[in-house]
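Notes to accompany the following structure.
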Amino acid sequence: MDKIIVIGSPGAGKSTFARRLRDITGIPLYYLDMFWHKPDQTNFTREEFDIRLKEIIKKDRWIIDGNYQRTIELRIKECDTVFFMDFPLEVCLAGVAARIGQKREDMPWIEAEFDEGFREDIIAFPGKKRPQIYNLLEKYQGNKKIFVFRAREEADKYLKQIASN
């Protein structure tokens with residue numbers, strides 16, 4: 001396990017899981033939100049994002065946290081391990097609501113409110129993005145370690161298990 005991606009709906013706890021995995025394994029962690037969002041709440045260009053992502057995937061070891069659907073297949077091709085946090089919609093909405101106003105290492109600013117467009121993206125995730133992810137996981141399942149967690153407790157149990165090894 002040297003090249004890892006952590007994917008799932010916003011609010012599923014991808015970044016928290018990725019941080020804990022980094023702390024256990026010592027593998028460098030990269031947040032895609034930091035490649036896309038600037039501190040002034042504007043975005044980098046797609047080209048800038050893609051350049052930074054391609055620089056990371058050339059490295060020997062990494063954990064990449066984030067969905068960014070248009071680049072998921074590229075990351076799946078390059079990784080050896082996928083963690084898909086496939087949690088219920090209510091859990092994801094509550095996860096985002098709970099982090100409003102919190103300083104986070106995976107975002108260059110503090111979210112002051114739960115943006116309505118962002119909420120709509122989360123609500124659309126199960127019907128729109130989840131099936132695309134499962135199709136990609138099926139396509140690459142032969143040569144990747146794929147873990148699908150459907151509850152936070154499953155992810156926590158996995159991390160405790162590898163920490164004890």
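The values are calculated or read from the model by the stated rules, or taken from the named source; none is laboratory data. Note that the structure is predicted; figures quoted are calculated from it, not measured. All Cβ positions, glycine included, derive from the backbone under ideal geometry; neighbour counts span all protein chains shown. SASA here: full protein model, heavy atoms, side chains in, ligands and nucleic acids out. Shrake-Rupley method; radii C 1.70, N 1.55, O 1.52, S 1.80 Å.
Data for the structure
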{"read-out": "Check on residue 90, among the charged types (D, E, K, R), closer than 14 Å to residue 9 by Cβ, loosely packed, with under 15 Cβ neighbours inside 10 Å and more than 16 Å from the chain's Cα centre (by Cα)", "value": "yes"}
{"read-out": "Which listed residue, of 13, 8, 66, is in contact with a Leu (Cβ under 6 Å, 6 or more places away or on another chain), within 25 Å of residue 93 (Cα to Cα) and in contact (Cβ under 8 Å) with a residue 12 or more places away in the chain", "value": "66"}
{"read-out": "Residue list for segment 67-87, filter: open to solvent by 50 Å² or more (accessible area, probe 1.4 Å) and among the aromatic types (Phe, Trp, Tyr)", "value": "68"}
{"read-out": "Residues satisfying the stated conditions in segment 93-124, i.e. surrounded by fewer than 17 Cβ atoms within 10 Å (Cβ to Cβ), touching a residue at least 60 places away in the same chain (Cβ under 8 Å) and among the acidic types (Asp, Glu)", "value": "105, 121"}
{"read-out": "Condition check for residue 7: closer than 27 Å to residue 160 by Cα, touching a strand residue (DSSP E or B) at 6+ places or on another chain (Cβ under 6 Å) and open to solvent by less than 70 Å² (accessible area, probe 1.4 Å)", "value": "yes"}
{"read-out": "Qualifying residue in segment 107-119 (condition: aliphatic (A, V, I, L, M), in a helix (DSSP H, G or I) and over 15 Å from the mean Cα position of the chain (by Cα))", "value": "no"}
{"read-out": "Condition met for residue 49 (surrounded by 13 or more Cβ atoms within 10 Å (Cβ to Cβ) and outside any strand (DSSP E or B))", "value": "yes"}
{"read-out": "Search result, residues across segment 76-85 that are under 16 Å from residue 8 (Cβ atoms) and in contact with a helix residue (DSSP H, G or I) (Cβ under 7 Å, 6 or more places away or on another chain)", "value": "76, 82, 83, 84, 85"}
{"read-out": "Meets criteria (surrounded by 14 or more Cβ atoms within 10 Å (Cβ to Cβ) and within 20 Å of residue 65 (Cβ to Cβ)) for residue 149", "value": "yes"}
